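Peer 1: The structure is given below, and queries will be raised subsequently.
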Amino acid sequence: MLMVRRTANEGHQITMNDTAKTVPTGELTLRTLAMPADANPAGDIFGGWVMAQMDLASGIRAAERAHGRVVTATVKEMSFELPVKIGDTLNIYTQITRVGRTSITLSIEAWAKRDRHRALEKVTAGTFIMVALDENGKPTPVPPE
């Protein structure tokens, strides 16, 4: 029997025959390949590169919701849980958790697929706050859905 339950920090838990597997929360917004040029001296992918991909995904999702230009106002929190390796496919999932007058708060999860036969592994999570801007670069109200 397959059971799905929501957990606070780990997305959804799928349990089948006493085996739990964590799956991403949110909408797949961006996929990219980690390349050697993105590696740090230790051979892992530089954390700043991972954060930049998460910022791009946040901008894509928030701009769709705002129907216009957005900028990153705050990275509220970041948690680097596992390293990303050269050759991993990085999958960024976004979930809008709050829409304010001019801001959009998103929960972002980065998941790595290590090779084509393995499951996704959660590597990074964060909360980004984006602000909608008008054509003059001033904060503007986020329109209703």
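Peer 1: Within the stretch 129-144, which residues are surrounded by 11 or more Cβ atoms within 10 Å (Cβ to Cβ) and over 18 Å from Q95 (Cα atoms)? Write out each step before concluding.
Peer 2: Quick first cut of the stretch 129-144, residues surrounded by 11 or more Cβ atoms within 10 Å (Cβ to Cβ) only: 129-134, 139-143.
Once the filter is applied, which keeps residues that are surrounded by 11 or more Cβ atoms within 10 Å (Cβ to Cβ) and over 18 Å from Q95 (Cα atoms), the stretch 129-144 yields L133, D134, P139, T140, P141.
Peer 1: Restricting attention to the stretch 11-37, and to residues there that are among the polar types (S, T, N, Q) and not in a strand (DSSP E or B), which single residue is modelled with the lowest pLDDT? Steps first, answer last, please.
Peer 2: Within the stretch 11-37, the subset among the polar types (S, T, N, Q) is 13, 15, 17, 19, 22, 25, 29, 32.
Next, only the ones that are not in a strand (DSSP E or B) stay: 17, 25.
Working: N17: 40, T25: 95.
My answer is N17.
Peer 1: Kindly indicate whether any position in the stretch 85-100 is part of a loop (DSSP other than H, G, I, E, B) and under 20 Å from V142 (Cα atoms).
Peer 2: Going residue by residue through the stretch 85-100, those that are part of a loop (DSSP other than H, G, I, E, B) are 86-88, 100.
Add one more test, that the residue is under 20 Å from V142 (Cα atoms), and what stays is 100.
Taking every residue of the stretch 85-100 in turn, at least one turns out to be part of a loop (DSSP other than H, G, I, E, B) and under 20 Å from V142 (Cα atoms).
Peer 1: Working only within the stretch 111-145, note down all residues that are aliphatic (A, V, I, L, M) and touching a His at 6+ places or on another chain (Cβ under 9 Å).
Peer 2: Within the stretch 111-145, A132, V142 meet the criteria.
Peer 1: Further question on the same structure: Residues being over 15 Å from T127 (Cβ atoms) and either touching a residue at least 60 places away in the same chain (Cβ under 8 Å) or surrounded by 19 or more Cβ atoms within 10 Å (Cβ to Cβ) (or both): count how many of those fall in the stretch 84-116. Full working, then the answer.
Peer 2: We begin by selecting, within the stretch 84-116, every residue over 15 Å from T127 (Cβ atoms); these are 84-91, 101-102, 111-116.
Now narrow it down to the ones that are either touching a residue at least 60 places away in the same chain (Cβ under 8 Å) or surrounded by 19 or more Cβ atoms within 10 Å (Cβ to Cβ) (or both): 84, 88, 90-91, 111-112.
Qualifying residue count, the stretch 84-116: 6.
Peer 1: If you don't mind, another one. In this structure, is I86 over 18 Å from D55 (Cα atoms) and touching a helix residue (DSSP H, G or I) at 6+ places or on another chain (Cβ under 8 Å)?
Peer 2: yes
Peer 1: OK, next. If I go through the stretch 41-83 residue by residue, how many of them are touching a residue at least 40 places away in the same chain (Cβ under 8 Å), aliphatic (A, V, I, L, M) and in a loop (DSSP other than H, G, I, E, B)?
Peer 2: So the answer is 1.
Peer 1: Inside the stretch 113-128, can you point out the residues that are over 12 Å from F80 (Cα atoms) and under 12 Å from the mean Cα position of the chain (by Cα)?
Peer 2: Result: T127, F128.
Peer 1: For the structure I just gave you, tell me whether S107 is out of contact with any helix residue (DSSP H, G or I) (no Cβ under 6 Å at 6 or more places or on another chain), over 30 Å from P144 (Cα atoms), of a type in the set (S, T, N, Q) and at pLDDT 95 or above.
Peer 2: no
Peer 1: Search the stretch 101-117 for residues being assigned to a loop (DSSP other than H, G, I, E, B) and not basic (K, R), and hand back the single one that is farthest from R61 (Cα to Cα).
Peer 2: Ranking the candidates gives H117 first.
Peer 1: Here's another thing I want to ask about it. So which residues in the stretch 129-145 are of a type in the set (S, T, N, Q) and either within 7 Å of T102 (Cα to Cα) or not in a loop (DSSP other than H, G, I, E, B) (or both), if there are any at all?
Peer 2: Of the residues in the stretch 129-145, the ones of a type in the set (S, T, N, Q) are 136, 140.
Listed by number, the list holds a single entry, T140.
Peer 1: Here is a further query. Count, please, the residues in the stretch 118-128 that happen to be assigned to a loop (DSSP other than H, G, I, E, B) and crowded, with 18+ Cβ neighbours inside 10 Å. Before you say what the answer is, go through the steps one by one.
Peer 2: Quick first cut of the stretch 118-128, residues assigned to a loop (DSSP other than H, G, I, E, B) only: 118-119.
Those left that are additionally crowded, with 18+ Cβ neighbours inside 10 Å: none.
Result for the stretch 118-128: 0.
Peer 1: Something else now. Condition test on Q53, is it of a type outside the set (S, T, Y), under 24 Å from V23 (Cα atoms), surrounded by fewer than 19 Cβ atoms within 10 Å (Cβ to Cβ) and modelled with pLDDT of 95 or more?
Peer 2: On the way: of a type outside the set (S, T, Y): yes; under 24 Å from V23 (Cα atoms): yes; surrounded by fewer than 19 Cβ atoms within 10 Å (Cβ to Cβ): no; modelled with pLDDT of 95 or more: yes.
Judged against the criteria, Q53 is not a match.
The values are calculated or read from the model by the stated rules, or taken from the named source; none is laboratory data. Everything numeric in this text was worked out from a predicted model, so none of it was measured. Because the Cβ atoms are built from the backbone with ideal geometry, glycine has one as well, and the counts that use them run over all protein chains shown.
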